[in-house]
Amino acid sequence: MVTKRVTMKRGTPYRGYTERRVRSLQVGTGLPPVVELQAEIDGYMDVLLGRVDAPVHGVLALMETADMYYARASEITALIQRGESDGTIKRGSELAKFRTGELRTFRELAQKASELGSRRLTALATELERSKLGRESAGG
C-alpha cells in the first residue's frame, strides 16, 4: 500500500480541525524574532493560567490546548537547536537564551497542564462508569 504524504505549506490559511488536520487550534509558525516569540508564549501562558478564555471548550479543553502549546514550544526549541547546529544561531544569542530560559519553563508548565487535563478526563470517565453501574466500586 502506498500512502501519499500531504504537507501543509506555511502560508496555508488556518481552517481548524478537519479530517486531515489532527489539531483544532491555531498556533504560530516558524521562528520570528525573540520579542514576537515572547508575546506568543505570553498569550499561551495567559490561557493556561486561566487569565483569558481557552480557544476550545469542553471536557478536552485543557489537555488539548496545553498539548498543542507544548507542541508549538517544542517546535520552537527544535528550530533554535537546528539553527545552533548549522551555525545560523550563535550560542549565547537572544534566541539561545530564550530557548534555555523562559521557553524551557513554558514547556514544563504546558506539560503539567496537559497532565492535569488528562487526570480530569480520567476522573470524569471513572465518575461516568460509577453512575452507569450504580455503585461506588466501578471495577468490581
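What do you reckon, is LEU60 more than 16 Å from PHE106 (Cα to Cα), in contact with a Pro (Cβ under 6 Å, 6 or more places away or on another chain) and at pLDDT below 90?
no
For segment 62-83, name all the residues that are surrounded by fewer than 16 Cβ atoms within 10 Å (Cβ to Cβ) and either closer than 17 Å to LEU49 by Cα or of a type in the set (Asp, Glu) (or both).
If the condition is that a residue be surrounded by fewer than 16 Cβ atoms within 10 Å (Cβ to Cβ) and either closer than 17 Å to LEU49 by Cα or of a type in the set (Asp, Glu) (or both), then GLU75 is the only one that fits.
For ALA125, all conditions in the list (1) within 14 Å of the chain's Cα centre (by Cα); (2) over 18 Å from LEU31 (Cβ atoms) hold save one; what is the number of the exception?
Evaluating ALA125 over (1) within 14 Å of the chain's Cα centre (by Cα); (2) over 18 Å from LEU31 (Cβ atoms) leaves (1) as the failure.
Among what's in segment 24-61 and is more than 22 Å from GLY101 (Cβ to Cβ) and in contact (Cβ under 8 Å) with a residue 24 or more places away in the chain, pick the residue that is surrounded by the most Cβ atoms within 10 Å (Cβ to Cβ).
Selected residue: LEU25.
Would you point out which residue out of SER74, SER114 is in contact (Cβ under 8 Å) with a residue 12 or more places away in the chain and in contact with an Asp or Glu (Cβ under 6 Å, 6 or more places away or on another chain)?
SER114
Results for (1) of a type in the set (Lys, Arg); (2) touching a Phe, Trp or Tyr at 6+ places or on another chain (Cβ under 6 Å); (3) modelled with pLDDT under 70, shown as yes or no for each residue.
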site: MET8; (1), (2), (3): no, no, yes
site: VAL34; (1), (2), (3): no, yes, no
site: ASP42; (1), (2), (3): no, no, no
site: GLY50; (1), (2), (3): no, no, no
site: VAL56; (1), (2), (3): no, no, no
site: GLY83; (1), (2), (3): no, no, no
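Within segment 85-114, can you find the residues that are under 15 Å from the mean Cα position of the chain (by Cα) and surrounded by 14 or more Cβ atoms within 10 Å (Cβ to Cβ)?
LEU103, PHE106, ARG107, LEU109, ALA110, GLN111, ALA113, SER114
Sort through SER93, SER137 and tell me the only one that's among the polar types (S, T, N, Q) and modelled with pLDDT of 90 or more.
After ruling out the rest, the residue left standing is SER93.
Output the helices (runs of 4 or more DSSP H) that fall wholly within segment 33-103 and possess 1 or more residues being under 22 Å from LEU121 (Cα atoms), or say none.
In segment 33-103, 34-48, 61-86 are the helices (runs of 4 or more DSSP H) which contain 1 or more residues that are under 22 Å from LEU121 (Cα atoms).
The values are calculated or read from the model by the stated rules, or taken from the named source; none is laboratory data. In this text, all values refer to a predicted model and were calculated from it rather than measured experimentally. For neighbour counting, all protein chains shown are included, and Cβ atoms are generated from backbone atoms with ideal geometry for every residue, glycine included.
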